[in-house]
Amino acid sequence: MINYDSLIAKKCREMKPSGIRKFFDLANAREGIISLGVGEPDFQTPWSVRQAAITSLERGRTKYTANKGLADLRKAISGNIQKRIGVEYEPESQIIVTVGGSEGIDIAIRSLVDPGDEVLIVEPCFVCYSPIVSLSGGVPVPIPTRAEDKFKLTPEALKEKISSRTKLLVLPFPNNPTGGIMTRSDLEKIAEVLEGTDILVLSDEIYSSLTYGEKHVSITQIGNMAERTILVDGFSKAYSMTGWRMGYIAAPEPLTSQMLKIHQYAIMCSPTVSQYAAVEALRSCDEDIVKMREEYDQRRRWLVHALNRIGLDCFEPEGAFYAFPSIKRTGLSSERFCEELLDRYSVAVVPGNAFGETGEGHIRISYAYSINHIMTAVERMEKFVKEKTG
Amino acid sequence: MQMDKLLKILKTNARLSVEDLAALAGLSPEETAAKIEGYEKSGVIKGYMAVTAEDFSDTDSVTAFIEVKVTPQAENGFDQIAKTIMSFEEVDSVTLMAGSFDLAVTLSGTNYKEVALFVARRLSTLPGVLSTSTHFVLKRYKESGFVIDGEVADERGLVSP
């Protein structure tokens with residue numbers, strides 16, 4: 001018998017499975033669940049995008065593309081970034097088309113982190129940063145954010161965690177799971193701290209098209225920050241294209257040229273059909289984004305209002321499609337809350353600590369669902385909260 | 001011009017409480033109530049009804065869709081004839097169309113014969129009506145944004161990061 005455990009690389013063996021995975025298994029084992037647990041849009045990918053993919057298949061465009069992606073797509077991405085945030089990236093040398101934003105995060109971290117390097121990670125956050133840093137031999141250093149600060153990164157919290165070994169700051173805004181955003185003035189304060197250091201920034205802006213009220217501001221727009229920033233964005237959330245696996249990286253050439261090597265060897269190129277679809281998304285789907293955003297915004301307003309009404313204090317999220325209410329009043333831990341809610345009322349939400357220890361005492365509720373669906377789930381949650389706080 | 005947010009929400013669900021409507025539309029409950037009252041009084045909102053998914057085979061009702069070609073009149077174009085047609089109780093809707101016919105008329109009757117007789121005796125004999133073409137509804141799949149037949153499954157997993 002082979003002892004597989006002894007053969008698995010230590011870094012992989014020690015990697016903890018995502019807390020979400022555990023909850024996924026729990027929820028999946030049951031019938032009739034009403035879920036508010038997913039991290040992907042509920043809308044269909046716009047029809048013109050699907051049509052473009054069909055056309056590309058009909059024309060037999062099924063070969064590899066250039067490693068960094070179709071020239072037309074990189075040009076369109078460059079134009080789109082310029083249009084949205086006014087920052088210029090050279091399509092030929094400063095943009096790489098990646099397999100979702102996830103691959104962008106992976107190659108950014110792997111190209112930068114040497115063993116012992118510290119990576120500051122703003123928490124609560126998406127689940128992948130810390131494991132990838134560890135896999136590279138780096139040291140993840142969480143920076144907690146708080147509901148009182150609207151889950152923003154403050155310059156004080158940042159300064160406190162910077163050391164001589166700090167290599168990179170992961171800045172994930174608009175934020176999954178909190179819905180927090182960083183305004184221009186918030187970012188200016190962060191830029192001030194970073195100015196004059198050698199710390200680079202990985203700005204994960206995958207939810208950039210989903211902000212409510214304030215228009216999204218990227219840290220690349222502030223001062224000289226673009227020269228130290230790897231911008232990650234993509235098509236999954238903006239165009240409801242999660243399954244197409246289309247993302248991109250925009251960064252200074254000395255960084256992209258290094259990341260491109262990992263991308264070349266590990267991936268070759270992003271899926272060709274998806275790349276043709278993405279060109280169409282950028283060409284014709286601005287209005288679809290507006291429509292989806294309006295719909296999310298309605299649900300957001302209702303949900304935040306309802307959560308506060310039923311006794312789950314919720315700060316007003318201004319981005320992404322999540323609410324992150326506090327459950328402290330129930331006296332339960334995040335996991336216990338979610339397990340009992342699932343058990344008793346068949347509603348699935350995600351425990352806040354799945355997104356970092358700082359998330360303890362909160363739950364993530366996704367509003368990427370129809371309003372009727374959300375209303376039914378919240379009605380059940382209300383009964384549960386009443387029992388617990390009664 | 002964009003349709004008013006509140007009106008748009010009411011068109012998908014008119015039975016929500018004023019509080020819910022207000023939260024969805026980003027208005028205060030008072031503003032919301034006042035706006036709805038305004039719509040009702042001014043006639044922007046004509047009424048409220050349920051979208052039902054009755055089984056056609058179970059009910060004594062047939063619905064027909066009739067393409068009507070007419071001669072427009074010098075003074076009032078299509079209005080006069082449209083008003084005459086909509087005055088029949090059996091008629092559910094009358095719409096002026098661009099394309100190969102002029103008026104789209106939907107109507108319901110208890111059986112095919114009743115509808116056929118209505119078209120033959122009352123509709124096609126109206127002065128100005130040049131021709132009619134009657135189509136019977138067999139099955140509704142989607143109406144007013146609601147899926148009537150067949151479920152739309154959520155193919156996403158229950159929980160994902």
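The values are calculated or read from the model by the stated rules, or taken from the named source; none is laboratory data. No experiment lies behind these values; they were computed from the predicted model shown. Here the Cβ is made from the backbone with ideal geometry for all residues, glycine too, and neighbour counts use every protein chain on show.
Do we find a residue being small (Gly, Ala, Ser), without any contact (Cβ under 8 Å) to a residue 60 or more places away in the chain and either part of a strand (DSSP E or B) or closer than 30 Å to A:Thr242 by Cα (or both) anywhere in the stretch B:133-146?
no
Exactly one condition in (1) assigned by TED's automatic domain parsing to the domain that holds A:Gly101; (2) touching a residue at least 12 places away in the same chain (Cβ under 8 Å) is false for A:Pro325; which is it?
(1)
Could you tell me whether the stretch A:78-91 includes any residue that is touching a Pro at 6+ places or on another chain (Cβ under 7 Å) and among the small types (Gly, Ala, Ser)?
The answer is yes, given that some residue of the stretch A:78-91 is touching a Pro at 6+ places or on another chain (Cβ under 7 Å) and among the small types (Gly, Ala, Ser).
Return a yes/no flag: does the stretch A:280-302 have any residue that is more than 14 Å from every other protein chain (Cβ to nearest Cβ), farther than 18 Å from A:Lys383 by Cα, surrounded by fewer than 23 Cβ atoms within 10 Å (Cβ to Cβ) and in contact with an Asp or Glu (Cβ under 9 Å, 6 or more places away or on another chain).
no
Take B:Ser42 and tell me if it is modelled with pLDDT of 95 or more, closer than 27 Å to A:Asn308 by Cβ and of a type in the set (S, T, N, Q).
Details: modelled with pLDDT of 95 or more: yes; closer than 27 Å to A:Asn308 by Cβ: no; of a type in the set (S, T, N, Q): yes.
When the stated conditions are applied, B:Ser42 does not pass them.
Quick check: anything in the stretch A:311-323 away from chain B (no Cβ under 12 Å), surrounded by fewer than 16 Cβ atoms within 10 Å (Cβ to Cβ), in a loop (DSSP other than H, G, I, E, B) and at positive phi?
Checked the stretch A:311-323: no residue is away from chain B (no Cβ under 12 Å), surrounded by fewer than 16 Cβ atoms within 10 Å (Cβ to Cβ), in a loop (DSSP other than H, G, I, E, B) and at positive phi.
Please go through the stretch A:336-363 and give me each residue that is crowded, with 18+ Cβ neighbours inside 10 Å, within 13 Å of chain B (Cβ to nearest Cβ) and closer than 16 Å to A:Lys388 by Cα, ordered by number.
Hits for the stretch A:336-363 are A:Cys338, A:Leu341, A:Leu342, A:Val347, A:Ile363.
Of the residues that make up the stretch A:369-387, is at least one more than 21 Å from A:Thr145 (Cβ to Cβ) and within 20 Å of the chain's Cα centre (by Cα)?
Yes; the residues of the stretch A:369-387 include at least one that is more than 21 Å from A:Thr145 (Cβ to Cβ) and within 20 Å of the chain's Cα centre (by Cα).
Find the residue count for the stretch A:324-362, including only residues that are assigned to a loop (DSSP other than H, G, I, E, B) and either touching a strand residue (DSSP E or B) at 6+ places or on another chain (Cβ under 7 Å) or not acidic (Asp, Glu) (or both).
Within the stretch A:324-362, the subset assigned to a loop (DSSP other than H, G, I, E, B) is A:324-325, A:327, A:331-333, A:346, A:349, A:356, A:360-361.
Filter again for either touching a strand residue (DSSP E or B) at 6+ places or on another chain (Cβ under 7 Å) or not acidic (Asp, Glu) (or both), leaving A:324-325, A:327, A:331-333, A:346, A:349, A:356, A:361.
Number of matching residues: 10.
Take the residues in the stretch A:112-159 that are small (Gly, Ala, Ser) and over 20 Å from the mean Cα position of the chain (by Cα); name whichever of them is farthest from A:Val350 (Cα to Cα).
Only one residue fits best here, namely A:Gly116.
Can you spot a residue in the stretch A:57-70 that is over 14 Å from A:Pro271 (Cα atoms) and among the aliphatic types (A, V, I, L, M)?
no
Do any strands (runs of 3 or more DSSP E) lying entirely in the stretch A:85-169 carry at least 1 residues that are more than 18 Å from A:Leu231 (Cα to Cα) and not polar (S, T, N, Q), and which ones are they?
A:118-123, A:139-144
Pick from the stretch A:26-60 the residues that are of a type in the set (Asp, Glu) and within 9 Å of chain B (Cβ to nearest Cβ): which of them is nearest to B:Gly157 (Cα to Cα)?
A:Glu40
Taking the stretch A:1-45 on its own, how many of its residues are in a loop (DSSP other than H, G, I, E, B), among the aliphatic types (A, V, I, L, M) and more than 25 Å from A:Ile132 (Cα to Cα)?
5
Based on what the data block shows, is B:Leu126 surrounded by 13 or more Cβ atoms within 10 Å (Cβ to Cβ), touching a residue at least 40 places away in the same chain (Cβ under 8 Å), touching an Asp or Glu at 6+ places or on another chain (Cβ under 6 Å) and farther than 30 Å from A:Asp25 by Cα?
no
Name the residues in the stretch A:364-390 that are assigned to a helix (DSSP H, G or I) and within 11 Å of chain B (Cβ to nearest Cβ), would you?
Selection gives A:Ile371, A:Asn372, A:His373, A:Ile374, A:Met375, A:Val378.
Here's the yes/no breakdown for (1) more than 14 Å from chain B (Cβ to nearest Cβ); (2) closer than 27 Å to B:Val159 by Cα; (3) out of contact with any Pro (no Cβ under 6 Å at 6 or more places or on another chain); (4) surrounded by fewer than 23 Cβ atoms within 10 Å (Cβ to Cβ):
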| residue | (1), (2), (3), (4) |
| --- | --- |
| A:Asp114 | yes, no, yes, yes |
| A:Cys128 | no, yes, yes, yes |
| A:Val133 | yes, yes, no, no |
| A:Pro144 | yes, yes, yes, yes |
| A:Pro155 | yes, no, yes, yes |
| A:Phe173 | yes, yes, yes, no |
| A:Asp198 | yes, no, yes, yes |
| A:Ser208 | yes, yes, yes, no |
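For the subset of the stretch A:284-319 comprising residues that are farther than 21 Å from A:Ala147 by Cα and among the basic types (Lys, Arg), which member is nearest to the chain's Cα centre (by Cα)? Show your work before the answer.
Step one: of the stretch A:284-319, the residues farther than 21 Å from A:Ala147 by Cα are A:284-296, A:298.
Okay, now just the ones that are also among the basic types (Lys, Arg), so A:291, A:293.
Values: A:Lys291: 21, A:Arg293: 17 Å.
Top of the filtered list is A:Arg293.
What residue, of A:Thr376, A:Thr330, is out of contact with any helix residue (DSSP H, G or I) (no Cβ under 7 Å at 6 or more places or on another chain) and among the β-branched types (Val, Ile, Thr)?
A:Thr376 is the lone residue from the list that is out of contact with any helix residue (DSSP H, G or I) (no Cβ under 7 Å at 6 or more places or on another chain) and among the β-branched types (Val, Ile, Thr).
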